[in-house]
Amino acid sequence: MDPKERTIEPWSALLDAGREDGRLVREAREGPGRAKLVEPPPELHPEVLEALERLGMQRLYSHQAQAVYRAWEGPTIVTTGTASGKSMCFNLPTLDVLCRDGRARALYLYPTKALAQDQARALATFGLTKRVRPAIYDGDTPHEARAQIRKSANVVLTNPDMLHVGILPNHAAWAELFANLAIVVIDEAHAYRGVFGSHVANVLRRLRRIAAAYGTTPRFLLTSATIANPVELAERLTGLDEVSLIDEDGSPAPGRKIAMWNPPLTDEALGTRRSALAEAAELLARLVREGTRAICFMKSRKGVERLSQLVKEDLEATHPELAELVAPYRAGYTPQQRRALEGQLTRGELRAVITTDALELGIDIGELDASVVVTFPGTVASLRQMWGRAGRRGRGLAVYVAGEDALDQFFCRHPENFLDRPVEAAILDHESPLIFRQHLLCTAHEGPLSLDDAEFLGPRWEAHAELLVSAGELRRRPGHVARRGEDGEIGDSVLRGLGRESYVPRRSGGYPAAEVSLRSASPDSFEIVDVVSGELLGSTEAARAHSTVHQGAIYLHQGRSYEVRELDLDRRRALVAQFDGDWYTQPKRETETSIERLLDRREALGVTLSFGEVSVADTVLAYQRKRSSDHALLDLVALDLPQTSFPTQALWFELPIGPTVSRAGGGSAALHSREEHEPANGGLGGPAETIPLESLLGALHATEHAQIAVLPLIAMCDRWDIGGLSTNFHPQTHGPTIFLYDGHPGGVGIARTAFHRFGELCEDARRLIAECPCSGAGGCPSCVQSPKCGNLNEPLSKAGAHLLLERMLTAPPEPEPEPALAGLTR
Ligand SMILES: [Zn+2]
Ligand SMILES: [Zn+2]
């Protein structure tokens, strides 16, 4: 340890103590890096250069200047670090265009309203008020202001939902924008993944199509957090080829200490640890006492409130005056309130602010000494963004306090694997059939579909259109000769598809976009209504309603907990009330999968690995109530719900373990079977080994859980987005089989990614199990137990799963893989 550091850093004593008692499991140092400064591109419009001068930015970071040149050439994505001045990368090219062309328009898309507000403010600081007229257009924009914005704003800041439901269907009212659309900015592009991303990819294709109809080809400029596949994400989102990447950061990285903090084990055999909340409270109180200005991130609002309380209590005991300087940050603050908060933090009037990830997405709250992230936020990209807040005056402390969840503990043991190189890919599938068809209908509503649309919608759109014809949603319209001079505007005549055969909506008066939620894979959804206020809180996919909002379920919505009072199947809604109790629920369900279509297959790791379309049938039978603090079982409540089913994508692998075992029972009934077993033959089981049925089931089940737990580290998603099923006998494969499937109807590419990166998935799962210190046969929540298991974590065999994965990973290598897969398999 550098003796100088002890005297300089206010957190040195804290880290020393952590090192001593083993809670500080890993530390690393980042930066400081020197800024690479360059002259602003002299080709920029003189007024833009003057504005930079006024702002005191005589020099730019190298990536900002580079972005300007690239933006002039073609679509570009920038992935430099948090607080590296990414907005400048798209603001400069935009301002340049607006200064040169008085008619030009730009469209900025933000995933949240708060971010759009911040950006509008940032644009105003350039002081180019004559040339640049930004306006926010979202659900909160007053109706009387809307016409004026359509007419005069030349930078429209909005969100994908508004573009989808408000702007594109009414393109005629926005003709001025579309006919002059020069630039489309997509900030925080990594937010567009999974179901939401698959929708947004379709919305952006519709945007390009409408722009083309009005004669424009806007330039797309994107930014993203650091992910494994930025170019692929940009191309999948926009449908454009050859997006160029800027990832060399020219901003000065602050020197930052990274500390991985693991709460101590309280029961080694059970694998239980002291709670991350208690641990974080102690850390934060200590940091505040040392004079540090800190921000702390929690997953839920309840957690935020609870942690604020604990920190205040801790401080009150020793330094009551400091307790006042800790505040929770609540959702719904206006930009002014956020500025005020930022000012208080910067001036030291507040020492610590505790928040949910509402603050995570790029909001400019200034730089602080320390950032404490409590439990793994789900992706390394998010963790990095949160940590990016730490680094005031060139130095900072970034802490991660691990929770007991499997992903937390795995990450805690292998931070270097994830921090040194981005491993998570943002996955989306714009052709996910249900999502694609919903947008195809919206597209047809915006203008008849014709052959030219393959450019925007891809080569397979017509097959989907035919399905919509059969479903009575679209009709084919024969071509006829257009009469010249009939149409006022170019866009309009093109969009009416005159003169060509086309597809048009069957019902002319419909408004399909209003029926499509960008957050839900299927239009078939249940509304979630607050029973007290009558407020509509949101919706959930029908396919998931029975398991997430059954009567009695505790449901987390935007960081707040609710208890479901009633699930009304006829009216398709769940009535919920705010919940403050100390328990959570876990549904018990029976799941069956049937293979509908095989799309790909290969031999890998000694198993037959397949990818295809499946149908998942689910019956929710009951639910458990468990105490939050110690997961103790409170009771099991029976439910009477009908079976539901949905189509999706899955990978499955068949294990060549004793066919004799598979005769022991069929399907899920075998889960409860205690029949005596026969020796298994050949394959992974080994010729002379005996695998009792219960152990086989436990091994398969634990393997499935472990794989689901680590999959989010490959494909950015939540474990709740993935489903799984393991059985010793599947009627279609006739043997032991494990399925991993996309939890959203239609699938959004998660299972496909897992199929392609199966080797990594198995290796990560093996390490997760092998390195967990718990000693119980059924594992613990940090390895093979799952908080969402439909079988309530029965049966599970940690040792069996370990053996199975070991065998797979040491299986003799396959014959040469097919060239297309060569790079993707081990
Ligand atoms: Zn464990
Ligand atoms: Zn399970």
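The values are calculated or read from the model by the stated rules, or taken from the named source; none is laboratory data. For clarity, every value in this text was computed on a predicted model and none was experimentally measured. No Cβ is skipped: glycine too gets one built from the backbone with ideal geometry, and neighbour counts run over all protein chains shown. All accessible areas refer to the heavy atoms of the entire protein, side chains included, with ligands and DNA or RNA removed. Shrake-Rupley method; radii C 1.70, N 1.55, O 1.52, S 1.80 Å.
Points to keep in mind about this one:
- Cysteine residues of the chain whose Cβ has no partner cysteine Cβ closer than 4.7 Å: 89, 99, 296, 412, 442, 717, 762, 789.
- Shown for the chain: the carbon plus sulfur share of the solvent-accessible area, taken with all protein chains present and a 1.4 angstrom probe, equals 50%.
- Ranking 257, 36 by solvent-accessible area of protein heavy atoms (1.4 Å probe, all protein chains present), from largest to smallest, gives 36, 257.
- Residue-normalised accessible area of the range 17-69, given per residue in Å² at a 1.4 Å probe: 59 Å²
- For the range 287-323 and the range 729-766, distance of Cα centres in Å: 42 Å
- Phi angles across the range 418-430 convert, under the Karplus curve 6.51 cos²θ - 1.76 cosθ + 1.60 with θ = phi - 60°, into 3J(HN,Hα) values of 9, 8, 6, 9, x, 10, 8, 10, 7, 10, 8, 9, 5 Hz, Gly and Pro given as x.
- Restricting attention to the chain, close to 60% of DSSP beta bridges with both partner residues there are antiparallel.
- Most to least packed among 609-622, 643-656 [average Cβ atoms within 10 Å]: 643-656, 609-622
- Heavy-atom accessible area for residue 789, with the other protein chains in place and a 1.4 Å probe, reaches approximately 10 Å².
- In this structure, the pairs whose alpha-carbon distance is over 23 Å, taken from 299/588; 588/798; 588/626; 130/151, are 299/588.
- Available extension along the chain between residue 17 and residue 416 is 141.4 nm, counting 0.36 nm per residue and deducting the alpha carbon span.
- Taking amide hydrogens as placed 1.01 Å from N in the peptide plane, the amide H of residue 557 sits under 5 Å from those of 562, each at least 5 positions away in sequence or on another chain.
- Over the range 692-826, Cα pairs under 8 Å with separation of 6+ residues give a relative contact order of 32 percent.
- Computed accessible area, residue 87, all protein chains, 1.4 angstrom probe, square angstrom: 40 Å²
- The range 549-632 - percent relative contact order, Cα under 8 Å, separation 6 or more: 25 percent
- Reachable lysines from residue 302, criterion Cα separation under 16 angstrom, eight or more residues apart if same chain: 312
- 17 Å Cα-Cα reach of residue 36 towards aspartates and glutamates, excluding residues that sit fewer than 8 places from it in its own chain: 247, 248, 249
- For the chain, the percent of C-alpha pairs falling in each 10 Å distance bin, counted from 0 to the bin holding the largest distance, reads 2, 12, 21, 24, 21, 13, 5, 1, 0.
- For the chain, relative contact order (Cα pairs under 8 Å, six or more residues apart, normalised by length) works out to 11 percent.
- Karplus-derived 3J(HN,Hα) values for the range 531-545, using 6.51 cos²θ - 1.76 cosθ + 1.60 with θ = phi - 60°, are 6, 7, 8, x, 6, 7, 7, x, 9, 9, 4, 4, 4, 9, 4 Hz; glycine and proline are entered as x.
- Largest accessible area first, the residues 464, 734 order themselves as 734, 464 under a 1.4 Å probe with ligands, DNA and RNA left out.
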